[in-house]
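Here the structure comes first, spelled out in structure tokens, and everything after it is commentary.
Read-outs throughout are calculated quantities, based only on the coordinates presented, and are distinct from any laboratory measurement. Predicted model, so just to flag it, every value in this text is computed and none were measured. Here the Cβ positions follow ideal geometry from the backbone for every residue, glycine too, while neighbour counts run over all protein chains shown.
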Amino acid sequence: MSAQDGDGLDEGRVRQRVRSIVGELAPAPRAASGRELLVADLGYDSLTVFELLAALEAEFGVAPLPDDDVAEIETVAEAEDAVLEQLARSRAAEQA
């Protein structure tokens, strides 16, 4: 993955914004780090995980994450990676 996406956001900024959104939408809002588990550490349940993913899709203007990807997201870092992958897919589709 390149260090910068098509909208001028570098990987670090994308990760920072994802962490911010994760922290804001957590059942007990607080700062989130990449290593934290969405459910065990931040209090998310299956519904709030899907709400989080919808918010991330809207924030970054990406297509909905594939169900297989959603099922594997357990940590903040995995949510960050999923957004970065969708941004890369969007760029590739635009260039095709």
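Loosely packed, with under 15 Cβ neighbours inside 10 Å, without any contact (Cβ under 8 Å) to a residue 24 or more places away in the chain and in a helix (DSSP H, G or I): is that true of Ala28 in this structure?
no
Can you tell me which residues in the range 65-83 are within 21 Å of Asp10 (Cα to Cα) and either among the small types (Gly, Ala, Ser) or touching a helix residue (DSSP H, G or I) at 6+ places or on another chain (Cβ under 6 Å) (or both)?
Leu65, Val76, Ala77, Ala79, Glu80, Ala82, Val83, listed by residue number.
So Ala40 clears everything in (1) surrounded by fewer than 14 Cβ atoms within 10 Å (Cβ to Cβ); (2) farther than 18 Å from Leu9 by Cα; (3) aliphatic (A, V, I, L, M); (4) within 12 Å of the chain's Cα centre (by Cα) except one condition, right? Which one?
Condition not satisfied by Ala40: (4).
Tell me yes or no: at least one residue of the range 73-92 is assigned to a loop (DSSP other than H, G, I, E, B) and either of a type outside the set (Lys, Arg) or surrounded by 16 or more Cβ atoms within 10 Å (Cβ to Cβ) (or both).
For the range 73-92, residues assigned to a loop (DSSP other than H, G, I, E, B) and either of a type outside the set (Lys, Arg) or surrounded by 16 or more Cβ atoms within 10 Å (Cβ to Cβ) (or both): present.
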